[in-house]
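Here the structure comes first, spelled out in structure tokens, and everything after it is commentary.
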Amino acid sequence: MSFTAAKWRGHFPLLAAHRDLHYLDNAATGQLCEAALDAVTSHELLHRANVLRGTYRLAEQADAAYENARRQVAAYLNAASADEVVFTAGTTASINLVAHAFGEGLNAGDEVVLSLAEHHSNFVPWQMLRERRGVLLRILPLTADGRIDLSRLAETLTPRCRLVAVTHASNVTGAVTDLAAIVAVARAVGARVLVDGAQAVQHGPVDVAALGADFYAFSGHKAYGPTGVGVLWGRGEALAALPPFLGGGGMIGRVTVEETTYAPPPRRFEAGTPPIAQAVGLGAALDWLRVQPWADMHAHTARLAQRLIDGIAVLPGLTFLGPRDLKQRLPIVSFNLEGIHPHDACQVLDGHGVAVRGGHHCAQPLMDFFGVQGAVRASLAPYNDEADIDALLAGLKDAMRKLG
Ligand code: PMP
């Protein structure tokens, strides 16, 4: 299968409807692929019913579609079993689930290790856990260019460490985490590893078996699927060891007035009516993504990222956040131009039809590390092309004329 950005773009209905849009905010939300849109539409039109509850044919079809989506996610992640896939509302919900269910077993003095590069959704739930359980948070420091400093692993992961929660890739710098190194040290001290995969899954299939982590969280909407759905993958025994987080219908074995027994995973963690059509859409998106020509697509987005980095490198007053070497990063480029507030830059860029994000990107500890309040971020997808980058560069020059 040969790849071109134009052909890929053709699979995204919104981009066909907005031909003049230069959409470069893919780290916030990817556009919905037609495979997902078609699956959601046909599910809602033909198979809509609640799951796990009905015995009539329509309900059985809804059940089958929902469980098929679980298998599609498992295939994308190379999970050992579809039962390792829990549908949630998104990355944030997945991390909160672990913070509550795993956190329930932690006590004062137990340690949870995060990195300074985490998104707020992999910071705040652990700070809340610290309030509840008195655990100690230890923070993995960063190298000057914003990568997790692996030389500090051994001293940060003590024998009291129970969990390491780190991002697979930074939503600000695009820096990819060396998970193998972290997993090895975590294993040595007997800690579990949770990976925030929100920025990684949309860049190609993930092999959770090879990563060796215990939990992997991501969101559907960043992986060209619907909003409102996400996944918590958990290694079979790691999930089985967790108590439920939310209680309600669907997650029980038996309820009496006196007590409740719980269903095994994944149902144990899916209280209430799940996001059924959204899960079906996400399954379809990942099924489609799984067979895309990723090597060509990576080469394409890396070329575009290089074009962007080269283009901004010559602008006066540039501050660049993160590693410049494209081998260590995803095509997410964050920067500042002296004297120009990121929000103002984004507004001028919007006038050029360029959609990029400016602000702290829900990573204020990382912004503090870089000594900035915010940054302009362009995040690329395979449907982007040279025209998108050139429009961004032209817009930046205009912003410098108007604001600089
Ligand atoms: N982690 C990272 C690295 C992210 O980029 C994001 C989304 N910006 C999240 C977590 C949270 O994802 P969601 O809002 O879909 O729950």
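Throughout, read-outs are computed from the coordinates displayed, never taken from laboratory work. This is a predicted model, so every value here is computed, not measured. When we count neighbours, we look across all protein chains shown, and the Cβ atoms used for this are built from the backbone with ideal geometry, even at glycine.
Report the trypsin sites (Lys or Arg not before Pro) located in the range 7-73 that are in a DSSP loop and have at most 16 other Cβ atoms inside 10 Å of their Cβ, or state none. Could you put the intermediate results ahead of the total?
Working: sites: Lys7, Arg9, Arg19, Arg48, Arg53, Arg57, Arg70, Arg71; in loops: Arg19, Arg48, Arg53.
Counting only loop positions with at most 16 other Cβ atoms within 10 Å, the trypsin sites (Lys or Arg not before Pro) in the range 7-73 are Arg19, Arg48, Arg53.
What do you get for GluC sites (Glu not before Pro) in the range 221-269 restricted to DSSP loop and a cutoff of at most 10 other Cβ within 10 Å of the site's Cβ?
Values: sites: Glu237, Glu258, Glu259; in loops: Glu258, Glu259.
Answer in residue order: Glu258, Glu259.
The relative contact order of the range 228-329, computed from alpha carbon pairs under 8 Å that lie at least 6 residues apart in sequence, is 20 percent.
Is the C-alpha gyration tensor of the range 97-155 telling us rounded, prolate or oblate? Criteria: a/c under 1.5 is rounded; beyond that, a/b larger than b/c is prolate, otherwise oblate. In terms of gyration-tensor shape, prolate.
Counting only other residues whose beta carbon sits under 15 Å from that of Leu21, what net charge do I get with K and R as +1, D and E as -1? Write out the running numbers ahead of the final one.
Values: positive: Arg9, Arg19, Arg357; negative: Asp20, Asp25, Asp350, Asp385, Asp388, Asp390.
Here the charged neighbours net out to -3.
Convex hull volume of the Cα atoms of the range 37-290, normalised per residue: 116 Å³. In summary, the helical segments of the chain meeting the span-like criteria, namely a full DSSP H run, a Cα extent along the axis of 20 angstrom or more and a mean Kyte-Doolittle hydropathy of at least 0.0, are 276-290, 386-403.
Relative contact order for the chain using alpha-carbon pairs under 8 Å, separation at least 6, rounded to a whole percent?
Details: 833 pairs, mean separation 94.0, N = 404.
Relative contact order here is 23 percent.
In terms of its alpha-carbon gyration tensor, the range 114-238 comes out rounded; the largest-to-smallest axis ratio a/c stays below the 1.5 threshold. Taking the square roots of 5 times each eigenvalue of the Cα gyration tensor of the range 48-118, largest first, gives ellipsoid semi-axes of 33, 15, 11 Å. Over all projection directions, the Cα-based convex hull of the range 253-310 averages an area of 7.2 nm².
Plainly put, the range 26-163 has a radius of gyration that is 1.09 times its Kirkwood radius, both from alpha-carbon atoms, as the Rg/Rh ratio.
Taking all C-alpha pairs of the range 193-299, those more than 22 Å from each other amount to 42 percent.
Summarising the label geometry, the points placed 7 Å from Cα in the beta-carbon direction at Asp368 and Arg324 lie 2.9 nm from one another.
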